[in-house]
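Trainee: My questions will all concern the structure given below.
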Amino acid sequence: MSVMSTTLDADLCAAAQAHPNIALIKYWGKRDVPLNLPVVGSLSITLDTLWTRTTVRFAAELPADRLRLNGREDAKQLRKVSACLDLLRARAGTGLRAEVTSYNNFPTGAGLASSASGFAALVLAADAALGLGLPPATLSEFARRGSGSASRSIFGGYVEWALGDRVDGEDSVARPIVDAAAWPLRVAVAITSTAEKAIGSTEGMNRTADTSPYQRAWIDTQEADLAEARAAIAARDFERLAAISEFSCLKMHALAMAARPGLLYWNAATMAAMHEVRRLRATGVPVFFTVDAGPQVKAICLPSAATQVAAALREIPGVLNVLETGLGGPATRIAVADAVAA
Ligand code: 2P0
C-alpha cells in the first residue's frame, strides 16, 4: 500500500504502547551524540504495569508536527520527536506532518525512563501509521536515535543493547535475551521525588565524558560486567545478578559524581532506601537495588519477597509512593481508542 495513495481518503493513524525499562548494567556516555551511539553496551529489564501510550496521526492538513504529552502541548520535546519521525518519513517517502498524543501512567522526567517507553511507543505507532512494518531491529535503531535507552524498550523481558562498532550505528541495537516469563522477577519502585530532574541524561553523560577521570575505566570494565550479568541471568542466579547489578549502578554514579561539577542524583530518601535494601538482603531477603539518573530507587526481588520489600520501602521517611510491577513484554500496537488517557 503506497502512503501517498492513501493520504487523501484515510487518516494515517495508529497507536502503540511501550513499557519503560531499567538497566541492570548501565548505559552512560555517547561516542556519537547525534546518533546516540553509546560508549558501552547495556542490559535491562522491561517493566510491566508502567506504560506510555502514543497515537500518531499523519495528515496533509498539518503545517507542522504537534506533540501533546500528558494532555499538554510540549514544545521542549517536539524537536526530538520531529527528528525521530523524520527517520520514518524518509523510509516512507513522505513529507506529511504528524500529530502525536502521548500519555505516561507514571511520573515523566524523574529517572523513570519515560523517554525510553516514549520513543519506543512513538516509533512503533509511526511505523504502523505509515504502514512500514519495519523489522524490530530497525525499530530499535530508530528508537535509539530518539533516546538511547528507548532502543531497549522495543523488546520485553531481559534485553541487551549492543555497543556495535559501525559508524552509522546500524549494529547498535537491542535484542531480547530471555523472556519475562522465563524468570519473572518483581520490581518495587520507591518514588522519592516527582520533580523533573535538573540535569538531563544527555547533558550529564556529556559532562561526565568531558570531565570525569574515571571515564576510561568505565569503558574498559563494561564488557566483563555484561558477561557476568548474562551468565547470572542464564543460570537464574539471583545473588550473582544482585552483586553485578549493584556494582554497575554504584560504578555509574561514582563515575558521574566525579564529573565537574559532580552529578548528584540521590536525595536522603534515595540513600535510606539503598541501605534498607542492603539490610534486607543481609537478613536473607532476595532483593537488590538500582538507581538511574534520578532519585528513585528500584528494588528488584524474587516474587516471594515482593510484598515484604514494598512494605519496607513504604516505611522510609521521604518515600512518597512505591510502585509495584513485574517484568513486561515488548512494545505493541494498540487500538487508537485504547490509547486515550486511562
Ligand atoms: C540506562 N540511563 O542505561 C541509563 C542509566 C540513566 C542511567 O539511559 O541521552 O534517556 O536520551 O540517550 O536514554 C537515561 O538516558 O539518554 C539512561 P539519551 P537516556 O538506563
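The values are calculated or read from the model by the stated rules, or taken from the named source; none is laboratory data. Only a predicted model underlies this, so the values are computations on that prediction, with no experimental measurement involved. In this analysis, Cβ positions are derived from the backbone assuming ideal geometry, glycine residues included, and neighbour counts consider all displayed protein chains.
Trainee: Assess whether Val178 counts as being away from the ligand (no atom under 13 Å from the Cβ) and under 21 Å from Leu50 (Cα atoms).
Mentor: For Val178, the condition - away from the ligand (no atom under 13 Å from the Cβ) and under 21 Å from Leu50 (Cα atoms) - is met.
Trainee: Let me ask something else. Looking only at strands (runs of 3 or more DSSP E) that fall completely inside region 1-115, which ones have 1 or more residues that are surrounded by fewer than 21 Cβ atoms within 10 Å (Cβ to Cβ) and at pLDDT 95 or above?
Mentor: Per the criteria, 12-18, 30-32, 52-59, 66-69, 97-104.
Trainee: Could you list, in sequence order, all residues of region 119-157 that are hydroxyl-bearing (Ser, Thr, Tyr) and either more than 14 Å from the ligand (Cβ to nearest atom) or under 11 Å from the mean Cα position of the chain (by Cα) (or both)?
Mentor: Selection gives Thr138, Ser147, Ser149, Ser151, Ser153.
Trainee: Is there a residue in region 106-117 that is under 19 Å from Ser151 (Cβ atoms), under 19 Å from the mean Cα position of the chain (by Cα), more than 15 Å from the ligand (Cβ to nearest atom) and in contact (Cβ under 8 Å) with a residue 24 or more places away in the chain?
Mentor: No, there is no match, as no residue in region 106-117 is under 19 Å from Ser151 (Cβ atoms), under 19 Å from the mean Cα position of the chain (by Cα), more than 15 Å from the ligand (Cβ to nearest atom) and in contact (Cβ under 8 Å) with a residue 24 or more places away in the chain.
Trainee: Conditions first: (1) outside any helix (DSSP H, G or I); (2) buried (at least 21 other Cβ atoms within 10 Å of the Cβ); (3) of a type outside the set (Ser, Thr, Tyr). Leu264 passes all but one, so which condition is the exception?
Mentor: Only one criterion is unmet by Leu264, namely (2).
Trainee: Across region 190-207, what is the total count of residues that are among the charged types (D, E, K, R), part of a helix (DSSP H, G or I) and within 11 Å of the ligand (Cβ to nearest atom)?
Mentor: Adding up the residues that qualify gives 1.
Trainee: Suppose we filter region 31-51 for residues that are over 23 Å from Gln296 (Cα atoms) and among the charged types (D, E, K, R); how many remain?
Mentor: Qualifying residue count, region 31-51: 2.
Trainee: On the basis of being among the basic types (Lys, Arg) and in contact with a helix residue (DSSP H, G or I) (Cβ under 9 Å, 6 or more places away or on another chain), does Arg166 make the cut?
Mentor: So Arg166 does not fit the description; no.
Trainee: If you don't mind, there's one more thing I want to ask. What are the residues in region 223-236 that are surrounded by 15 or more Cβ atoms within 10 Å (Cβ to Cβ) and either out of contact with any helix residue (DSSP H, G or I) (no Cβ under 8 Å at 6 or more places or on another chain) or in the same structural domain as Ile25 (by TED's automatic domain parsing) (or both), if any?
Mentor: Listed by number, the residues that qualify are Leu226, Arg230.
Trainee: Would you confirm whether any residue within region 208-220 is surrounded by 13 or more Cβ atoms within 10 Å (Cβ to Cβ), without any contact (Cβ under 8 Å) to a residue 60 or more places away in the chain and in a helix (DSSP H, G or I)?
Mentor: Yes: region 208-220 contains one or more residues that are surrounded by 13 or more Cβ atoms within 10 Å (Cβ to Cβ), without any contact (Cβ under 8 Å) to a residue 60 or more places away in the chain and in a helix (DSSP H, G or I).
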